[in-house]
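Input: a single structure, listed below in structure tokens.
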Amino acid sequence: MTTIDRKKLAELQERELKRFVAEHPRSAALYEQAQESLLGGVPMNWMKKWAGPFPVFAAKAKGAHFTCVDGREYVDLCLGDTGAMTGHSPDAVVEAVTKRASEGITLMLPTEDALFVGEDLKKRFGLPHWQFTLTATDANRFSIRIAREIMQRPKILVFHYCYHGTVDEAFAGLTDGVVGPRRGNIGPPVNPEETTRVVEFNDLNALEEALKQHDVACILAEPAMTNVGIILPEEGYWNAARELARRYGTLLIADETHTICAGPGGCTAEWKLEPDMVVFGKAIGSGIPGATYGCSEEVAQRISARIHLEDCDVGGIGGTLAGNALSLAAMRATLEHVLTAGNFVRMTELASRFNEGVSGEIRKHELPWNVQRLGCRAEYTFCQKPPRNGGESAAAADFTLERLLHLYALNRGVLLTPFHNMALMCPETNPADIDQHTQVFAEAAGELTRS
Ligand SMILES: Cc1ncc(COP(=O)(O)O)c(C=O)c1O
């Protein structure tokens, strides 16, 4: 197997940085100017993490492509880290949102679109009752609150290296088997050890140990982990985990925000998971802020038994703009016209093409890497075998190598997600876009391994 020469890696990085700076003068100037009004020169702190000395400022995006303010064109495989898995600005959504925006954006009153969306979600995920928020983070936070309230238990359980948005209870990790704040956790309100149990994914014994004390209200889980590479459940894992949750009286919340890439009803439908609650955000409104959480009949009954009308506006579940007319119009158009079964078939075929291309190059250059896929999402990690859990995947991370590959791709017109090596397909991605990535990946692998 080939090992990466770190000296060569550093040389390539320097060369690519120079190219990036030379080719993006307008983005550089805007970034410079932005220092005067924006903290760190960016509208959101994570935008600093793009591979380069400054982010590319976007001009226009449509479908699977965008142009930057320097007039360069890109294939977008990041797709707003799933927010634009629908493709940028799909026509049907633009039309619905434009109409709604001229007829009232937010009223604190329901609109008819909500009924269509509720019915559609019911069919996709098999859960009967739905509520809306502005972000998946909020949908997770509210689901956790509900679980704690109706189960009358204090703790939640998450998997090591999970990500569910900026949810305090989920910013927990394991260090030598002990739960504590995850690296980088900014100002945690309490040590998450007080609120959270953490176990490795794919470890049923650890899960049972954690549930045995009958104090865990819910498991908050991505059915397949997607935020530390793609980690698929082992055969039979979810059947057994589901059974353990039932045995110990713990609710199962499936966060399908990313795993919706598996199909129209996410992994819940594909793998017949039968969760008690489902969360789905980001792509549900093609990037117009909006998210949802749904629950089973039993959970719904427990909610109405414990949560009273008089307190429902101040109970910690809310958001003035939640369920607003514009979000619901965007969701309706997205579900009806964009996240359709037909589009998922095409998108999934393209992700397979991506994997074939990348794995061919990995083999050719004898790199100790692998590439995984979940529906229309693909990702390569720097270890030979697909990782089984978050700990294994995190141990294989190589920040410097990742940055080089991202910058290399960006300089050749391909955008990957800034945080790991993820590529996502949208309905308008085409085979040529995927082949462009394969070509770029092949060049990078060739340069990295050439002696
Ligand atoms: C699985 C999962 N759930 C929830 C979220 C939170 O989404 P948002 O930042 O839109 O609230 C994310 C964000 O990356 C996520 O990956």
Would you point out the residue of region 157-210, among those that are of a type in the set (A, V, I, L, M) and within 14 Å of the ligand (Cβ to nearest atom), that is farthest from residue 245 (Cα to Cα)?
167
Enumeration of residues in region 160-181 that are surrounded by 14 or more Cβ atoms within 10 Å (Cβ to Cβ) and more than 19 Å from residue 221 (Cβ to Cβ):
180, 181
Exactly one condition in (1) among the β-branched types (Val, Ile, Thr); (2) away from the ligand (no atom under 16 Å from the Cβ); (3) assigned to a helix (DSSP H, G or I) is not met by residue 314; state its number.
(3)
Complete set of residues in region 182-203 that are in contact with a helix residue (DSSP H, G or I) (Cβ under 7 Å, 6 or more places away or on another chain) and within 18 Å of residue 221 (Cα to Cα)
192, 195, 196, 197, 199, 200, 201, 202
The lone exception for residue 125 - which of (1) closer than 29 Å to residue 56 by Cβ; (2) aromatic (Phe, Trp, Tyr); (3) within 16 Å of the ligand (Cβ to nearest atom) it fails
(1)
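Take the residues in region 201-226 that are open to solvent by 40 Å² or more (accessible area, probe 1.4 Å) and within 30 Å of residue 378 (Cβ to Cβ), then tell me which one is farthest from the chain's Cα centre (by Cα). Even if it seems obvious, please write down each step before you answer.
Let us first name the residues in region 201-226 that are open to solvent by 40 Å² or more (accessible area, probe 1.4 Å), namely 203-205, 208-209, 212-214.
Now narrow it down to the ones that are within 30 Å of residue 378 (Cβ to Cβ): 203-204.
Working: 203: 22, 204: 24 Å.
The extreme case among them is 204.
From 139, 147, grab the single residue that is open to solvent by less than 10 Å² (accessible area, probe 1.4 Å), outside any loop (DSSP other than H, G, I, E, B) and more than 9 Å from the ligand (Cβ to nearest atom).
On the way: 139 fails: more than 9 Å from the ligand (Cβ to nearest atom).
Selected residue: 147, the only one of 139, 147 that is open to solvent by less than 10 Å² (accessible area, probe 1.4 Å), outside any loop (DSSP other than H, G, I, E, B) and more than 9 Å from the ligand (Cβ to nearest atom).
If a residue has to be over 20 Å from residue 351 (Cβ atoms), within 16 Å of the ligand (Cβ to nearest atom) and either open to solvent by 10 Å² or more (accessible area, probe 1.4 Å) or in contact with a Lys or Arg (Cβ under 8 Å, 6 or more places away or on another chain) (or both) to count, how many in region 239-267 make the cut?
The first filter runs over region 239-267 and keeps only residues over 20 Å from residue 351 (Cβ atoms), leaving 239-255.
Add one more test, that the residue is within 16 Å of the ligand (Cβ to nearest atom), and what stays is 252-255.
So of that shortlist, the ones also either open to solvent by 10 Å² or more (accessible area, probe 1.4 Å) or in contact with a Lys or Arg (Cβ under 8 Å, 6 or more places away or on another chain) (or both) come out as 252.
So the count comes out to 1.
Take the residues in region 420-451 that are hydroxyl-bearing (Ser, Thr, Tyr) and open to solvent by less than 60 Å² (accessible area, probe 1.4 Å), then tell me which one is farthest from the chain's Cα centre (by Cα). First the steps, then the outcome.
Start the filter on region 420-451 by keeping residues that are hydroxyl-bearing (Ser, Thr, Tyr), which leaves 429, 438, 449, 451.
From the residues that got through so far, the ones that are open to solvent by less than 60 Å² (accessible area, probe 1.4 Å) too are 429, 438, 449.
Details: 429: 19, 438: 23, 449: 31 Å.
So the residue we want is 449.
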Residue 278 vs (1) away from the ligand (no atom under 15 Å from the Cβ); (2) touching a Leu at 6+ places or on another chain (Cβ under 9 Å); (3) outside any loop (DSSP other than H, G, I, E, B); (4) more than 22 Å from residue 78 (Cα to Cα): all pass except (1)
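Kindly check whether there is at least one residue in region 287-295 that is among the aliphatic types (A, V, I, L, M) and either in a loop (DSSP other than H, G, I, E, B) or within 11 Å of the ligand (Cβ to nearest atom) (or both). Spell out how you get there, then give the answer.
Initially, region 287-295 is screened for residues among the aliphatic types (A, V, I, L, M), giving 288, 291.
From the residues that got through so far, the ones that are either in a loop (DSSP other than H, G, I, E, B) or within 11 Å of the ligand (Cβ to nearest atom) (or both) too are 288, 291.
Among the residues of region 287-295, at least one is among the aliphatic types (A, V, I, L, M) and either in a loop (DSSP other than H, G, I, E, B) or within 11 Å of the ligand (Cβ to nearest atom) (or both), which makes the answer yes.
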Apart from one, (1) assigned to a helix (DSSP H, G or I); (2) open to solvent by 70 Å² or more (accessible area, probe 1.4 Å) all hold for residue 327; the odd one out is (2)
Considering only residues that are open to solvent by 80 Å² or more (accessible area, probe 1.4 Å) and in contact with a Pro (Cβ under 6 Å, 6 or more places away or on another chain), which ones fall in region 1-50?
1, 49
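What helices (runs of 4 or more DSSP H) lie completely within region 156-271 and have 3 or more residues being in contact with a Phe, Trp or Tyr (Cβ under 9 Å, 6 or more places away or on another chain), of a type outside the set (Val, Ile, Thr) and within 18 Å of residue 126 (Cβ to Cβ)? It would help to see each step written out before you state the result.
On the way: elements: 204-211, 237-247, 266-270.
Correct list: 266-270.
Consider residue 417 carefully, then state whether it is closer than 29 Å to residue 61 by Cβ, open to solvent by less than 10 Å² (accessible area, probe 1.4 Å) and at pLDDT below 95. Write out each step before concluding.
Values: closer than 29 Å to residue 61 by Cβ: yes; open to solvent by less than 10 Å² (accessible area, probe 1.4 Å): yes; at pLDDT below 95: yes.
Against the criterion (closer than 29 Å to residue 61 by Cβ, open to solvent by less than 10 Å² (accessible area, probe 1.4 Å) and at pLDDT below 95), residue 417 qualifies.
This table checks each residue for (1) surrounded by 17 or more Cβ atoms within 10 Å (Cβ to Cβ); (2) modelled with pLDDT of 95 or more; (3) closer than 30 Å to residue 451 by Cα; (4) β-branched (Val, Ile, Thr).
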| residue | (1), (2), (3), (4) |
| --- | --- |
| 302 | yes, yes, no, no |
| 309 | no, no, no, no |
| 332 | yes, yes, no, no |
| 345 | no, yes, no, yes |
| 353 | yes, yes, yes, no |
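The values are calculated or read from the model by the stated rules, or taken from the named source; none is laboratory data. Since the model is a prediction, treat every value here as computed from it, not as a measurement. Positions of Cβ are backbone-derived with ideal geometry, glycine not excepted, and every protein chain shown enters the neighbour counts. Just so you know, the surface numbers come from the protein's heavy atoms only, side chains and all, with ligands and any DNA or RNA stripped out. Shrake-Rupley method; radii C 1.70, N 1.55, O 1.52, S 1.80 Å.
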